[in-house]
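The values are calculated or read from the model by the stated rules, or taken from the named source; none is laboratory data. If you're wondering where the values come from, they're calculated on a predicted model, not measured in any experiment. Every residue, glycine as well, gets a Cβ built from its backbone with ideal geometry; the counts of neighbours run over all protein chains shown.
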Amino acid sequence: MPRPGPVVRNAHAGPPGLLHSLIEGRALLEAALLPASLPLLMQAPQGDGHPVLLLPGFMAGESTLVALKLFLQNKGYDVHTWGLGRNVGFRSKHANALPQKIRYLHHITGRKVSLVGWSLGGVFALYGAESTLDCVRSIVTLGSPVSIDAVGNQSPRTVKALYRLVAHRQGASAHTMQPRAKAMRERRRLALPTSCLYSLTDGVVPPQEATIDGDPALHENIQVPGSHIGLGFNGIVLAIVADRLAQAEGAWKPFAPKGLLRQVWGVTVGSPRSETLAPSA
């Protein structure tokens, strides 16, 4: 039996496909189809009640997390949102407040916290976890730019322009060069279970940035169907998040869908497996 190889990033190069960026509005259809995912969501495993902290994407508020929040609460988790209002970019006040929030949840519950970040929220999750490793149980990112290349961010020009306008005039590069971003630049990964969900048809964050290189004992990349804006309302995504959070603490294993999730995921993605392992030599 071949030994598992390392986790590898998606091989895509350059920005997202122009067509995918132009039809990001299909997220409305994904949200409208969420009720049709009810059988899939009902089959998702129940949680053990540990705290889960949800982090919104760039220019998004906590209201965009309503589907994730209600679903995970229904599955038995102690769900919280970050409480910092709209995510207007990587501001130092938010970056400094997040570890305090994680430590607070860990203190009042007596249990480690799982972090689920959508888009830029996933970057916040990694930053927050870096200084609170003893308080964090696992990390799940949804279309998050978690990998940095020398060529810089490859998001569409409109997204870059908006970031410069709202967050920092030098764009995302002003934040990726901060000392706390060193691990992302050098592709060193936290010793925490980390699942990076990404879509090949994401019109905002290209797949090579939304995936990571890592250790198959702790890290994985999971391809999902859909748009970037619709990730938080995508029934398949919600079911996978529940699957990842339901694992017993200290007993993390790579994604291996079962039942209806395996069938639906296999049909929509095209291959019933996660992209956790590279072929071994």
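Quick check, is GLY122 within 25 Å of LEU18 (Cα to Cα) and part of a helix (DSSP H, G or I)?
yes
Within the stretch 67-85, take every residue that is under 18 Å from the mean Cα position of the chain (by Cα) and over 17 Å from ALA239 (Cβ atoms) and give me the one that is modelled with the highest pLDDT.
Ranking the qualifying residues of the stretch 67-85, first place goes to HIS80.
Kindly evaluate LYS112 against the criterion of being farther than 22 Å from ALA31 by Cβ, crowded, with 20+ Cβ neighbours inside 10 Å, of a type outside the set (Gly, Ala, Ser) and more than 13 Å from the chain's Cα centre (by Cα).
yes
Which of the numbered conditions does GLY14 fail, given that it passes all the others? Conditions: (1) under 20 Å from the mean Cα position of the chain (by Cα); (2) part of a loop (DSSP other than H, G, I, E, B).
(1)
Looking at VAL146, VAL88, can you tell me which residue is in contact (Cβ under 8 Å) with a residue 40 or more places away in the chain, surrounded by fewer than 20 Cβ atoms within 10 Å (Cβ to Cβ), part of a loop (DSSP other than H, G, I, E, B) and in contact with a helix residue (DSSP H, G or I) (Cβ under 8 Å, 6 or more places away or on another chain)?
Answer to the check: VAL88.
If you check every pair at least six apart or on different chains, which have Cβ atoms under 9 Å apart with a residue in the stretch 12-35 that is loosely packed, with under 13 Cβ neighbours inside 10 Å first and a residue that is of a type in the set (Phe, Trp, Tyr) second?
Listed pairs, sorted by first residue: ALA32/PHE233.
Among the candidates LYS93, LYS75, which residue alone is buried (at least 19 other Cβ atoms within 10 Å of the Cβ), basic (Lys, Arg) and on the phi < 0 side of the Ramachandran plot?
LYS75
Quickly run through the stretch 222-238 and pick out the residues that are over 28 Å from LEU133 (Cβ atoms) and assigned to a helix (DSSP H, G or I).
PHE233, GLY235, ILE236
May I ask you to list pairs of residues, at least six apart or on different chains, whose Cβ atoms are under 8 Å apart, with the first in the stretch 206-225 being under 14 Å from LEU190 (Cβ atoms) and the second being outside any loop (DSSP other than H, G, I, E, B) and at pLDDT below 95?
Taking only residues 6 or more apart or on different chains, the pairs are ILE212/VAL7; ASP213/VAL7; GLY214/VAL7; ASP215/VAL7; HIS219/VAL7; GLU220/VAL7; GLU220/GLY214.
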